Amino acid sequence: MKGQCKKHMRNDFPRILSLLRKERNISQKDAAKKLGISQALLSHYEKGIRECGLDFVVAVADEYGVSTDYLLGRTSDRQGVQLVAEDVPEYDDSNDKTFSGSVVATLNKKLIVNTVSIVFDLLRSPKLKDLTTEISAYLSLAMYKVFHILYCANPKNPRAMFAVREGLSTGLCNAAMQVSEAYMTTLCAGDAIGDYNPVTPELAPEMSPEQLSSRYQQTAASLFNVVSTAESRMGAKPKK
């Protein structure tokens with residue numbers, strides 16, 4: 001456990017420490033004064049050159065109003081909350097005004113959200129847990145990649161938000177996506193991978209365009225649109 005704590009501090013603490021300071025738009029000199037250390041020492045902590053003691057971690061948590069678990073990279077929630085399904089709010093389109101100014105964004109958001117909802121509904125069987133894990137990882141990586149590109153488009157946005165260096169993120173993300181895709185493909189082919197259970201024919205969701213339309217009357221059209229648009233971008237010609 002002690003070794004794990006040190007690993008988290010080496011990998012995540014410097015980045016998060018720097019991010020929190022930059023979010024408040026304060027200099028290292030001012031931040032160091034608030035935290036009771038020298039600017040040089042704070043600089044070393046932010047660069048990961050030196051490791052701090054637990055007393056300093058607690059002081060940072062108090063100063064910035066976050067949990068020590070967040071500082072150590074053990075949770076993405078700033079208050080240290082471990083998310084469970086019941087804690088995640090349901091998507092309510094009726095209250096969402098975020099994209100009211102862009103018809104294109106609103107349309108494509110709905111198409112993608114509806115399609116993702118269908119995919120995860122088809123994965124509801126507990127026996128598809130391992131496949132769900134890899135599909136979730138793949139989609140999360142895709143969203144990370146999109147958000148990272150958008151975030152980095154503005155040079156003013158603090159790069160400390162990301163643990164992976166900008167020049168490495170695309171390649172590493174693509175590699176991780178390929179691993180998840182390989183796992184998904186192998187499992188769906190009926191082969192086990194380590195502790196992962198294969199998807200046997202009787203577990204694989206049965207579907208056809210007609211069945212999908214009947215089961216998802218409100219959202220199937222979104223799925224068909226996503227399939228058609230994707231294949232069009234891949235250069236596929238419609239079947240006659």
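Every number in this text was worked out from the coordinates using simple rules, so none of it is lab data. Keep in mind that what you see is a predicted model, and the values were worked out from it rather than measured. Virtual Cβ from ideal backbone geometry, glycine too; neighbours counted across all protein chains shown.
Only loop residues by DSSP count here, and only those with at most 16 other Cβ atoms within 10 Å; note down the GluC sites (Glu not before Pro) in the range 177-240 that meet that. Don't jump to the answer; show the numbers that get you there.
Details: sites: Glu181, Glu202, Glu206, Glu210, Glu231; in loops: Glu202, Glu206.
Those that pass, being in a loop and sparsely packed, are Glu202, Glu206.
Quick check on the range 2-71: what are the equivalent-ellipsoid semi-axes from the Cα gyration tensor, as sqrt(5λ), descending, whole Å?
In descending order the semi-axes read 18, 13, 11 Å.
Note down the net charge around Arg21, summing +1 for each Lys or Arg and -1 for each Asp or Glu among other residues with Cβ under 14 Å from its Cβ.
Result for the neighbourhood of Arg21: +4.
When the convex hull of the C-alpha atoms of the range 86-233 is computed, what volume per residue in Å³ does it have? List each step's numbers first, then the result.
Working: hull volume 26.5 nm³, N = 148.
So the per-residue Cα hull volume is 179 Å³.
Going toward the positive end of the dipole of the range 86-233, with +1 on Lys and Arg Cβ and -1 on Asp and Glu Cβ, which of Ser102, Ala153, Pro201 do you reach last?
Ala153
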